[in-house]
Structure formats: C-alpha cells, structure tokens
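A short worksheet on the structure shown next.
The values are calculated or read from the model by the stated rules, or taken from the named source; none is laboratory data. In this text, all values refer to a predicted model and were calculated from it rather than measured experimentally. Cβ placement follows ideal geometry from the backbone for every residue including glycine, while neighbour counts extend to all protein chains displayed. The protein model used for the area step is the full one, side chains on, heavy atoms only, and it has no ligands, DNA or RNA in it. Shrake-Rupley method; radii C 1.70, N 1.55, O 1.52, S 1.80 Å.
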Amino acid sequence: MLSPGKTVSSRLLRPLSRLPIWLGSDGRAASSLPKELIKKHKLEKDELRPLYMDFQATTPMDPRVLDAMLPYQVNYYGNPHSRTHAYGWESESAMETARKQVADLIGADPREIIFTSGATESNNMAIKGVSRFYQTKKRHVITTQTEHKCVLDSCRVLESEGFSVTYLPVQTNGLVDLELLEASIRPDTSLLSVMTINNEIGVKQPIKEIGQICRSKGVFFHTDAAQAVGKIPINVTDWKVDLMSISGHKIYGPKGVGALYVRRRPRVRLEPLQSGGGQERGLRSGTVPTPLAVGLGAACSIAKQELEYDHHRVSMLANRLIQKIMSELPDVIMNGDPEQRYPGCVNLSFAYVEGESLLMALKDVALSSGRFGIGRFTTEEEVDYTAEKCILQVSRLREMSPLWEMVQEGIDLKSIKWTQH
C-alpha cells in the first residue's frame, strides 16, 4: 500500500506538441491553422518526437510531484470536506499542508490561498469578483493591452455590465509607463490588473512600484503571476499585491489546478462566481481535488527549494541560445526589455523571414509563436541543436527571399515605392 511518505519509480516523459502555431507574415499568431495542417497532428510511424522548447505554454510534471500525488489518487481518497471520519481528515490535512506550501512560496498566510482550477479561473474570480462587490461605489477598472486573453475577456464582460475599463498601452520595450498608469487612476477605480511576467516576450513589469501606487490611491491590485511564481522571488507583502493568480502546470505541477491569493489585511472582498457548498472561505464552492492540490503544493515546495539554482541554470541556457544565434545571424532582434525580463522566455525576430515559414522549417523543435521557452529539464544539447537548426533554416529562407537579396545589394527598402497588382 502506498503512503504519503513513500515514493514510486517515475519516468519523465517529454511532452508532445506536434501541432504548430501558425503565424502570419507579420509574425503574429493567426486565428486558425490552414486546413491542410490540422489533420497532421499525430506522429507518423517511427517518427521521433520534437524537442520541447515551449515551457511558457506548459511544463512537464516533475516526477517528485507525481510521487506526492499518487497516494491520494489511490489510497487516501477521502473528501477533504468530510469532517466525521478519518478518510476526510487525512485528505483535509494533505490539503492544508499544500495550502501552506503555496503560501510559503509567495510570502503569504495559508488562509489567504484559495484553490482553483487554474490561473484562468483565478483571473476571472479576481477581476469580476472584486469589481462586482464594490460596484455600488466604484465602477472603473484598469489593465494593460498585453494581458492574457482571460483577463481581457473578463474586462470586456465587465464593460457589457456597464463598467468602464482603461486598457493601458505598453512602451516599445513591453513595460508599462508608470506615470501613465498613475494618471489613469480615478476616484471610482476599484481594481488594477497587470501581469507580472508576460507569457510571450518574458518582460517583467515593475510590480513593486505599481503596488505602491495602488496602495497610496486606495485601489486594489491584482497580478496574473502564472509565468512568475516559482521562477523569480515573490513576496506579496513587499510588493503590496492584493490578489495574485497562480497556475499549477506552469511550475511543473499538474494541470487543472491553480490558486488565487486574496489578501486578508487590508481585507479584499470579492463576489463568488459560482454557488454551492461554500468551500474555500465561501469564495470558491466545490470539492477541492486533493491529489491536484497536493501536486500544486509539492510543485511550489520544490520551486522554493530550487528557485535560485533553476534561475541560474535557465539564464545560462538562454544566454547560450541567444549568443549562438546572434553570433551567426545578422539582423536578429530580441523582443522585450533586455534587463527587466525572465530569461527562460526568449522571443526573437528574424528580419526578412516569414514567421510561418521558419516555424514549419523547425518542425522537429516544438515552439510557439517564434518563442523559445527554456525550463528545468532543458539540456545543453537541446539548446545547441535548436540554435544550429535555427541558424541553418533562417539562412536558407533568407537565400530564398528577394528582400534579403535586395538588402545585400545595398538597396534601401524604405526608398522603394511598392505597387499593388
């Protein structure tokens, strides 16, 4: 019989992402894939899996996380909200241990952690919940134009309910202008939501400074930290963050679980999205899935222990990738602020090369939107292979490009008057 203290043999399998993201000629993701590509999303017989370089989309589960979860999948299966017998007590104890592990990673009180199904639900709860609770006095929300879709869509829902929403632009380096942000706050502003680390270009917003502005103005501050938790040091008290969204599968934990940090002092109130048994302080009804909560807790515990090592190693691998590519290829631009960024998210633009062409040429490397995602299990060999393959394919595609040929001949493309037939 398995027990929580024992481990079982685990084997880390490299995840499969055979379906590429289709990019337009401007490098942006198109709304849908070409029909001829949709059917081919399974490996052919004897075809090798591509290298996985998409750690911003998801991460493989750490074997240690799986070891922690398995006993609660098989033997300790009680409902954590059953208070009349040992099965419920065992599960409740495991759930509360996991809650503390999540809290410890971000410098919070365990009572401030609400388990959810993931960062999408957490973002919806924070933005809709706070706005609706305080709507009799305040009906203005601020966010940025580069937030995750679930944040932007939540704000659009609020607009349909009569709320006013300000969508702040970002500067060319991807960072928000603090002066513009402060000037956008109104007397009826209830909430400001800004992502900690952008999932596309990896820039890190000045969260601590934003928190200070919001606290001085009496505005609640929410941050989507799905890409930041477990990757950079976080302290919600120092940052003056009132609500923070967390995702399990972005930190080598299971999919289908996340958390929302909700500050107790000064107290933040929010209206629940769903009705039911009143679990999670009445903010998120529904039985907490103990195995998933345990997995999230274990992932947070491991991340706290290995954060410094992981960050150093990921930085080394990212620098290796960037230096190899840029030393061999001219006209390569790294998008986003070069200093205020998470190193594991490398977003490069290759001049005179169409995004979709390069992505298809790199079919044996699993990428997303021209973004290279590096993580805990990425190897030096994988980085070197990706860099070499990228250099080879960019060079090949440029040789086929009439624009590249014109540039090599010294023609200024800006001086050309293009005609349309």
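Some points to look at:
- The alpha carbon convex hull volume per residue for the stretch 58-125 rounds to 117 Å³.
- Listed values for the stretch 124-140 are Karplus-derived 3J(HN,Hα) couplings in whole Hz (6.51 cos²θ - 1.76 cosθ + 1.60, θ = phi - 60°), namely 4, 4, 5, 6, 6, x, 5, 4, 6, 5, 9, 5, 5, 10, 9, 9, 10, and x replaces Gly and Pro.
- The chain - percent relative contact order, Cα under 8 Å, separation 6 or more: 22 percent
- Between the exposed loop cleavage positions of the chain, defined as chymotrypsin sites (Phe, Trp or Tyr not before Pro) in a non-H, G, I, E, B DSSP state with at most 13 neighbouring beta-carbon atoms within 10 angstrom, the longest gap is 78-417.
- Rel. contact order, % - alpha carbon contacts under 8 angstrom, at least six apart, the stretch 63-302: 29 percent
- Cα gyration tensor category, rounded, prolate or oblate, for the stretch 307-406 with a/c compared to 1.5: prolate
- For the chain, the antiparallel share of DSSP beta bridges with both residues in that region comes to about 55%.
- Each residue was assigned an accessible area with a 1.4 Å probe, and for K324 the value is about 70 Å².
- Note on the stretch 63-302: Kirkwood radius taken over Cα pairs, Stokes-Einstein applied at 4 °C and 1.567 mPa s, translational D equal to 72 µm² s⁻¹.
- The residues K217, K240, K255, sorted by heavy-atom accessible surface at 1.4 Å with ligands and nucleic acids left out, run K255, K217, K240 from largest to smallest.
- Those trypsin sites (Lys or Arg not before Pro) in the stretch 124-194 that DSSP places in a loop and that have at most 14 other beta carbons within 10 Å: K137
- Rounded to the nearest 10 square angstrom, I234 shows an accessible area of 20 square angstrom against a 1.4 Å probe.
- Using Cβ point charges alone (K and R +1, D and E -1), the dipole size of the chain about the Cα centre works out to roughly 1460 debye.
- Accessible area of the stretch 63-302 divided out per residue, in Å², using a probe of 1.4 angstrom: 39 Å²
- Loop sites in the stretch 132-218: GluC sites (Glu not before Pro), DSSP, at most 13 other Cβ within 10 Å: E161
- Helix 290-328 axis, angle to the chain major axis (alpha carbon atoms, nearest 10°): 20 degrees
- Using alpha carbons only: equivalent-ellipsoid semi-axes of the chain, gyration tensor based, whole Å: 39, 29, 18
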